[in-house]
Amino acid sequence: MEQSKQTHIRMLALSALFTALIAVGAFIRIPVPMWPFTLQTLFTALAGLLLGPRYGTLACVAYMVLGLVGLPVFTGGGGPQYIFQPTFGCIAGFAAGAWLAGMIVCRAERRGFRLFLLAALADMAVVYVVGMAWFWCVRTFYMDDPIGVWTLFVTCFVPTIGVDVLKAVLAAGMAARLFPALSHN
């Protein structure tokens, strides 16, 4: 029983560490029109890959809650009004993506670079689907500025997919090296 409690405390501490890394990742950015390139998706993918679905998701949800209560941890600040930003969907997608990546890794018998890459790409896909759906909804219903599917694709997918695939490869490589060092007992 003591081992389980220690493991739980250790995983909570790692979740808190990843929450901080995600927040820091928001400010390590290359500004480009529309979508700044940040390291958030690298750290959210790593949270799911290394911490599993429960604690990886916890790290992402904690990050989202910190931003929504007003801490300026998002790329554009923070506060409850941030949910009306077209890019907030990516933040919501971080938790779902980390959960999926964690589930893929946890359910696998063998863990290696290929598995971690598959899980990281699945994480990115979830972030894109949720992010693009949110972007479209906010633009259409809140901003009363509807956009078509092609414009959505060109605006949200084309400019960022190359860098995000590169981040998925980097996350998979890091996870393959770090996973054995983390005891998942």
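Going residue by residue through the range 24-36, is there one that turns out to be crowded, with 17+ Cβ neighbours inside 10 Å, more than 18 Å from Ile161 (Cβ to Cβ) and touching a Gly at 6+ places or on another chain (Cβ under 7 Å)?
Checked the range 24-36: no residue is crowded, with 17+ Cβ neighbours inside 10 Å, more than 18 Å from Ile161 (Cβ to Cβ) and touching a Gly at 6+ places or on another chain (Cβ under 7 Å).
Cβ-Cβ distance below 6 Å, separation of 6 or more or different chains: which pairs start in the range 6-33 with a residue that is touching a residue at least 40 places away in the same chain (Cβ under 8 Å) and under 15 Å from Val61 (Cα atoms) and end on one that is open to solvent by 70 Å² or more (accessible area, probe 1.4 Å) and assigned to a helix (DSSP H, G or I)?
Note: pairs meeting the criteria are Ser15/Leu58.
Out of Phe157, Phe113, report the one residue that is open to solvent by 70 Å² or more (accessible area, probe 1.4 Å), in contact (Cβ under 8 Å) with a residue 12 or more places away in the chain and out of contact with any Ser or Thr (no Cβ under 6 Å at 6 or more places or on another chain).
Of the residues listed, the single one that is open to solvent by 70 Å² or more (accessible area, probe 1.4 Å), in contact (Cβ under 8 Å) with a residue 12 or more places away in the chain and out of contact with any Ser or Thr (no Cβ under 6 Å at 6 or more places or on another chain) is Phe113.
Quickly run through the range 66-97 and pick out the residues that are within 21 Å of Cys137 (Cβ to Cβ), surrounded by fewer than 24 Cβ atoms within 10 Å (Cβ to Cβ), modelled with pLDDT of 95 or more and β-branched (Val, Ile, Thr).
Across the range 66-97, the qualifying residue is only Ile83.
Restricting to helices (runs of 4 or more DSSP H) lying wholly in the range 71-185: which have 1 or more residues that are of a type in the set (Asp, Glu)? Lay out the reasoning, then the answer.
Working: elements: 88-107, 113-137, 149-156, 161-178.
The qualifying helices (runs of 4 or more DSSP H) are 113-137, 161-178.
Spot the failing condition for Ala13; the list is (1) open to solvent by 30 Å² or more (accessible area, probe 1.4 Å); (2) within 19 Å of Ala120 (Cβ to Cβ), and only one is missed.
(2) is the only condition that Ala13 fails.
Leu21 - would you say it is within 10 Å of the chain's Cα centre (by Cα), surrounded by fewer than 21 Cβ atoms within 10 Å (Cβ to Cβ) and either among the β-branched types (Val, Ile, Thr) or within 22 Å of Leu117 (Cβ to Cβ) (or both)?
no
The values are calculated or read from the model by the stated rules, or taken from the named source; none is laboratory data. Worth saying up front: this structure is predicted, and the values here are computed from it rather than measured. Cβ atoms come from the backbone with ideal geometry, glycine included; neighbour counts cover every protein chain shown. Note: accessible area is taken over every heavy atom of the protein model, side chains too, but ligands, DNA and RNA are not part of it. Shrake-Rupley method; radii C 1.70, N 1.55, O 1.52, S 1.80 Å.
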